[in-house]
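The values are calculated or read from the model by the stated rules, or taken from the named source; none is laboratory data. The structure displayed is predicted, hence computed values, not measured ones. For neighbour counting, all protein chains shown are included, and Cβ atoms are generated from backbone atoms with ideal geometry for every residue, glycine included. What goes into the accessible areas is simple: the full protein's heavy atoms, side chains included, and nothing from ligands, DNA or RNA. Shrake-Rupley method; radii C 1.70, N 1.55, O 1.52, S 1.80 Å.
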Amino acid sequence: GPAQPGTPCDDLNACTTNDVYQTNCSCAGTFQDTDNDGICNASDNCPNTPGMIGSPCDDLNPGTTGDVIGSNCVCAGVPTGCNNNLELVFNTDSNGGQTSWEILPIGSAVPSCSGGGLESNALVSAPCCLPDGCYRLRVLDSAGDGMTSGGFTGGYVLQTQGTNQRIIDNRNNFSTGSTSAISGQQGLCLPLGADKLISTSCDKLDWVSGNYVVANANPAVSAQWLVGDQTDDGYEFWFFNPNGGYSFRKFRNHAVSDGFGPASATRACHIKINNWAAADQIPANTLMNVRIRSRVNGVNSSWGSACRFMIDPVRAACPLTKLNDIPGQQFLSCGATRAWGNGNYVHARPVTGATQYQFRFRIDAEGFLSIRTVSTYFVQLNWITFPLQNGKNYKVEVRAFKNGAWCIDSPTPAPGPNFVQWGDVCDLTIDNTPANGGNENMLGAGQSEQSEGLRMYPNPNRGDQLYLSLDAVEDGVQTVSVDIFDLTGKRVSARTIAVQDGFVNTVLDLDGDMANGMYMVNITAGSHRYTERLVISK
């Protein structure tokens, strides 16, 4: 008869091993299937990968199609055509060869783009074309000290190619560690959305908790005001550290005020900094990025472009400034063209409480440098010593004087390669050929005769800040009163502004409490009275 149970035998099945007699006297073994795909090892030409050569699979790369298991038992597909041209722009330190990078699809360990061994002390652009999908960026430093050497800190910007819309902005900020990446395996999704911060909230590095960051109004969100469910329409704000360690998203909908008023179709555009749980507070003195996406009836749009952001109460007390770069404003000066001579001006962003401004014009290759010190946040292009020349392009920087000191960037220790004494650089072109300097004579544009010498902008205004200057205040006048009335004659604001050296330069914080509509601004300076219309449109 048959052997006893447990006695070795041969069940004549190549898919089993350790064949022995069973208690029912039959011969059977253990089915061998290492990858648990239902195909035994003896018949499986890829025993360690689910499926066989030629089987369909998923390589987790959104940039491929027709994924199958290849002859090397690796799942791979055919790359699809890319439709998102990006570039990663590096500002390298003296050890560029230590820097490498990779952009990987979310959930995949296979990079879609990668590179390394960068040139030292240089601006290096690395292109990458990606199909629609979600990815994460990792910038790596083999020495573990970031892109830092000799007192200089480098960094990078991931942006769209050609249009230069930023997705991640970590310029001059990769200062330590071996990896720079957004925390939590988060990254970027393509294509890029259109939502973004207003220009006065973008790249502002002197915030304090309690301020409002403001998104541009999306017409589709505004159209949902007082229509249906008010909790599923609004804007999601994403604050994150490009180097990792902090990432927080906050949704602002039509139903919640967040302390901002009055209630309106654009109230949800405003988010109050750190007005949320203590555990999620944005840390001070750390460079962040902010991105926005709108939500309509519970459906999110794509994330828009990135802006830099930093909470810095010390800098807020004496903020940096630059030529006016706010699109659509009549005093836009950054990147502008001006004629040289009387009646042609460039304007800076005013600083509340500043009593002087310095404008620095330079062409480094020619050794040209001209600095003008004025008591107003604008300067007339008509001086005699070191004048600007027709047909040339100048780099222009501005700084403000407040509380007895110039507001400057002064890192500790200083000075060093990163030491900057001025605000951001702007281009200015001098061109005397076009009539009226190419429509660049901005002094008093659109003002009535009685308001000559008064500058008040932006107008229309979002209801947050109103820049105001008044020159040639009569001798002996120490203060100027500013009263704002609605069209019923009710006074909605009253301020007293100090006069400095015969001028008034100030920023009026309107606090967002003025409703949309037209107002009259009355300014009394000694025996002179000025009246201007102000339109609030949020």
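Residues in region 90-102: is at least one open to solvent by 60 Å² or more (accessible area, probe 1.4 Å), in a strand (DSSP E or B), touching a strand residue (DSSP E or B) at 6+ places or on another chain (Cβ under 7 Å) and in contact (Cβ under 8 Å) with a residue 12 or more places away in the chain? No, because not a single residue in region 90-102 is open to solvent by 60 Å² or more (accessible area, probe 1.4 Å), in a strand (DSSP E or B), touching a strand residue (DSSP E or B) at 6+ places or on another chain (Cβ under 7 Å) and in contact (Cβ under 8 Å) with a residue 12 or more places away in the chain. Can you tell me which residue among Leu123, Leu192, Leu205 is open to solvent by 20 Å² or more (accessible area, probe 1.4 Å), modelled with pLDDT under 95, under 28 Å from Cys82 (Cα atoms) and of a type in the set (A, V, I, L, M)? When all the criteria are applied, what remains is Leu123. Among the residues of region 457-479, those identified as within 18 Å of Gln356 (Cα to Cα) and either hydroxyl-bearing (Ser, Thr, Tyr) or open to solvent by less than 50 Å² (accessible area, probe 1.4 Å) (or both) are Tyr467, Leu468, Ser469, Leu470, Asp471, Val473, Thr479. Of the residues examined, Cys46 is one that is open to solvent by less than 50 Å² (accessible area, probe 1.4 Å), under 60 Å from the mean Cα position of the chain (by Cα) and of a type in the set (A, V, I, L, M, F, W, C).
Here Gly343 fulfils each of the conditions (1) out of contact with any Ser or Thr (no Cβ under 9 Å at 6 or more places or on another chain); (2) touching a residue at least 40 places away in the same chain (Cβ under 8 Å); (3) open to solvent by 60 Å² or more (accessible area, probe 1.4 Å); (4) over 20 Å from Tyr467 (Cβ atoms) apart from (3). Of all residues in region 1-42, those satisfying the criterion of being within 30 Å of Ser71 (Cα to Cα), of a type in the set (Ser, Thr, Tyr) and open to solvent by less than 70 Å² (accessible area, probe 1.4 Å) are Thr16, Thr17.
Restricting attention to region 155-162, does a residue exist that is modelled with pLDDT under 95 and open to solvent by 60 Å² or more (accessible area, probe 1.4 Å)? There is at least one residue in region 155-162 that is modelled with pLDDT under 95 and open to solvent by 60 Å² or more (accessible area, probe 1.4 Å). Inside region 276-299, residues that are surrounded by 14 or more Cβ atoms within 10 Å (Cβ to Cβ) and either touching a Ser or Thr at 6+ places or on another chain (Cβ under 9 Å) or within 24 Å of Asn243 (Cβ to Cβ) (or both) make up a count of 14. Say whether the condition of being open to solvent by 60 Å² or more (accessible area, probe 1.4 Å) and within 23 Å of the chain's Cα centre (by Cα) is met by at least one residue in region 133-147. Among the residues of region 133-147, at least one is open to solvent by 60 Å² or more (accessible area, probe 1.4 Å) and within 23 Å of the chain's Cα centre (by Cα), which makes the answer yes. When restricted to residues that are closer than 29 Å to Gln4 by Cβ and either small (Gly, Ala, Ser) or assigned to a strand (DSSP E or B) (or both), region 27-42 contains 6.
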